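Encoded as structure tokens, the structure appears first; notes follow it.
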Amino acid sequence: MQAQVKELGNYYIGGIQTAFNNLLLELGEVENEEYTHVIDQINFISALLKKSTEYLNRRKVDPEGDPELDSAIEEQIGYVWKLIELMQYGLYEENGELIQLSFNSYDNQARKEYVDEGLWLNMRTGRIYKTKNYRPYRAAKYIKEDNSSFDVLQLKEMYIYPGDQNPRVRWETEAVKGRKLTAKDLAAILAFASRNYADTIKTIKNTIKNPLMDKHPVVLISLHKAYLCGDNLVVEDQLGNKLTLKDIEEQNVSSATNLKAILPSAPEGLALTVMMNNDMQTGLLSAQPMSLITPEKIIRLLY
């Protein structure tokens, strides 16, 4: 399988190659005959190959037709979007403002790349986007590493990739200005936070039940209560809906542990940026906290 997977790169289908590399990595980490993550990846590959075949056959019949713009299937196959193409299909926004809610760098072994990932809030719409800076192992020393950003970015043009709940965005560096984060900005961020966990969870479940969608969507939630339930931190909204905060195992960070030390039991007026996770073994839908937003500042829990 490793030899065949290597060949996939020769046909410019790097996304499918990455999916099979992920399968090989999961197989290498199996302990005590526990194959949950392996089966999950096989299901993803099966759905990806089926959707890719149907999609490419449609494009073959109508090569001049528009690509699918409400999913990331092109990128999942391995296509690399050009900014001019995104503009051509109307996937851009002018004169927008973004604030970074969280930032993390990690090693993506399946892609053989280091990834710098930022989570950004659109100050106009409240939508959360991702930025990803890929640094292949072989060229990492030649590619500038992204870093945390603490200013509000004012973008002349922002390009939005096809995707699901948290699509990837890009912009030209020379078309960016920055300004200091203000109390008014923080109030706007807090106003965007979900006050009804039940509605948010319903949306999340509809997203993650599709095998090709992001399994760890990011949302912003408002806080009303917080308390410990066993070893886990639990938060509640004003309607009494509960959400367990728990570190995602494959993220290799302990932001939930960091939050326990600073979150008050009466966190009314605060909000959390959280990454959702559905544990296939226990059936628990939980959230890993990424940052805590207060009326005075954004406290990043990943560092």
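Residue count for the stretch 218-237, restricted to those that are crowded, with 20+ Cβ neighbours inside 10 Å and outside any strand (DSSP E or B): 2.
Based on what the data block shows, is Asp185 of a type outside the set (A, V, I, L, M) and closer than 25 Å to Pro67 by Cβ? Break it down into steps so the answer makes sense when it comes.
On the way: of a type outside the set (A, V, I, L, M): yes; closer than 25 Å to Pro67 by Cβ: no.
Judged against the criteria, Asp185 is not a match.
Name the helices (runs of 4 or more DSSP H) wholly inside the stretch 1-120 in which the number of residues that are within 30 Å of Leu181 (Cβ to Cβ) and in contact (Cβ under 8 Å) with a residue 12 or more places away in the chain is 1 or more. Before the answer, list the steps.
Working: elements: 2-8, 14-28, 36-61, 73-77, 83-88.
In the stretch 1-120, the matching helices (runs of 4 or more DSSP H) lie at 83-88.
Residues that are assigned to a helix (DSSP H, G or I), out of contact with any helix residue (DSSP H, G or I) (no Cβ under 6 Å at 6 or more places or on another chain), among the hydroxyl-bearing types (Ser, Thr, Tyr) and more than 21 Å from Ile298 (Cβ to Cβ): does the stretch 152-166 have at least one? Checking the stretch 152-166: not a single residue is assigned to a helix (DSSP H, G or I), out of contact with any helix residue (DSSP H, G or I) (no Cβ under 6 Å at 6 or more places or on another chain), among the hydroxyl-bearing types (Ser, Thr, Tyr) and more than 21 Å from Ile298 (Cβ to Cβ).
Computed from the coordinates by the stated procedures, all read-outs in this text should not be read as laboratory data. Note that the structure is a prediction, hence the values are computed from the model and not measured. As a convention, Cβ positions derive from the backbone with ideal geometry for all residues, glycine included, and neighbour counts pool all protein chains shown.
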